[in-house]
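Written below as structure tokens is the structure these notes are about.
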DNA sequence: ATATTTTTTTTGACTTGCCTAAAAATTTAT
DNA sequence: ATAAATTTTTAGGCAAGTCAAAAAAAATAT
């Protein structure tokens, strides 16, 4: 049985590897876990003893098959709970992360399989992130960042890159929730901001920061 | 913020006080928590420093108002999750205790209020135990042990005194689930066993052990 | 190629929660 | 009222997880 702390380290390492590649550095883990490099070195040794990751001194870590499985199951649990919180309990998409962060550590595998069935085997969470199946596999959706669209193109909102409540609340306010249609009129060279139309509303301007944190599925104009 | 361990101590102390009265002895806590008296003394000091209980050396402990509130809220959370697990996810009444034991430590008060609403503000859990409201109050049902019924009387099953899976499974098999009607024909002097009829079935015999662990609401014969 | 900066590890120490063994206090029995 | 038994506390120690400070290794700059 792994402690909650050990589970959190594995999940962080998994996510860092996903975005930055392997090997995963001590410092990057420390930054993500909001702790010190010394603590990370300590934990890495323990997880290596348990064969959840491979560790070469001074050269970072890499999850083993087993460590990877733990991480993806945590992600599965996290995302299923997020679906429960929004779809069944009526939470907003910007409220569910912290609660799911706790719920993902509940141990019963039976609970998760029943929850999955109860929710109708959802394949994406409230932020559009894919939910791994019981074997850790998930489907990858065809999506691009809004900032990658060309003027004249349109897309359907499929996910976010920044999961912060502030960003999610702003998107909600703009009507840019999952499934919303957005079409790009033109880009402003001066600041890379975009002139867009959301769901056939009035044209408006979105910053490049927003554009670089929103995923869309390109669709016909 | 309290640790899961601290919360579990408070809940244990609350339950011991409920059944044995106050003050609660170090040894009784050690027995319930499956740990040693030395560990209990240790923890008691910490909880006393946090003003969750009053502690007089060698003379046991008593929860403060604040400690009591923590304990009843834990019980509230535990029982609400049990309702969720049986009513929504389809678990049997003998399967839910251990999972709820983990879920009760999830911290969000908002989550519990929404869960309560989602479940329709249930007042009793799957074992017939009352669910405290947000203020820690609950309604007490008029019930007696089956062993206290007199021959000729009947009752409706309202709860159990022994929550072990073995007992719950046996009751299920007998058809003695919540709401079932049972009527007492006669008591056997030799071993205090009972001759009963469950839901108008064939007469059968129940041990005094069963009778002392099953609550019924007396009803007309 | 050497010096400087950055990253990582080691060291020593702290807290929480647990244990065993021994000592102290209380309760029970005579 | 004293002895015996029980309960509780103290003392000392261990493992997990944390930190700051110092040392070591690696990466970068000149």
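The values are calculated or read from the model by the stated rules, or taken from the named source; none is laboratory data. From a predicted model like this one, the values you see are computed outputs, not experimental measurements. Every residue, glycine as well, gets a Cβ built from its backbone with ideal geometry; the counts of neighbours run over all protein chains shown.
Quick one: which residue in A:122, A:126 is without any contact (Cβ under 8 Å) to a residue 60 or more places away in the chain, surrounded by fewer than 19 Cβ atoms within 10 Å (Cβ to Cβ) and assigned to a loop (DSSP other than H, G, I, E, B)? None of the other options fit; the residue is A:122. Strands (runs of 3 or more DSSP E) fully within segment B:139-221 that include at least 3 residues being under 23 Å from residue B:98 (Cα atoms): B:154-160.
When residue A:62 is tested against (1) within 21 Å of the chain's Cα centre (by Cα); (2) within 11 Å of chain B (Cβ to nearest Cβ); (3) within 16 Å of DNA strand D (Cβ to nearest atom), exactly one condition is not met: (2).
Of the residues B:102, B:56, the single one that is within 16 Å of DNA strand C (Cβ to nearest atom) and within 30 Å of residue B:177 (Cα to Cα) is B:102. The number of residues in segment B:88-108 that are outside any loop (DSSP other than H, G, I, E, B), closer than 20 Å to residue B:132 by Cβ and within 11 Å of another protein chain (Cβ to nearest Cβ) comes to 6. The combined condition, being more than 16 Å from DNA strand C (Cβ to nearest atom) and either modelled with pLDDT of 95 or more or away from chain A (no Cβ under 14 Å) (or both), is fulfilled by residue B:119. Scanning segment B:58-82 for residues that are in contact with a helix residue (DSSP H, G or I) (Cβ under 8 Å, 6 or more places away or on another chain) and not in a helix (DSSP H, G or I) returns B:60, B:61, B:62, B:63.
Of all the residues in segment A:156-196, those that are surrounded by 18 or more Cβ atoms within 10 Å (Cβ to Cβ) and over 30 Å from residue A:77 (Cβ atoms) number 7.
Taking segment A:14-53 as the range and being within 19 Å of the chain's Cα centre (by Cα), away from DNA strand C (no atom under 12 Å from the Cβ), surrounded by fewer than 13 Cβ atoms within 10 Å (Cβ to Cβ) and not in a loop (DSSP other than H, G, I, E, B) as the test, the residues that pass are A:18, A:19.
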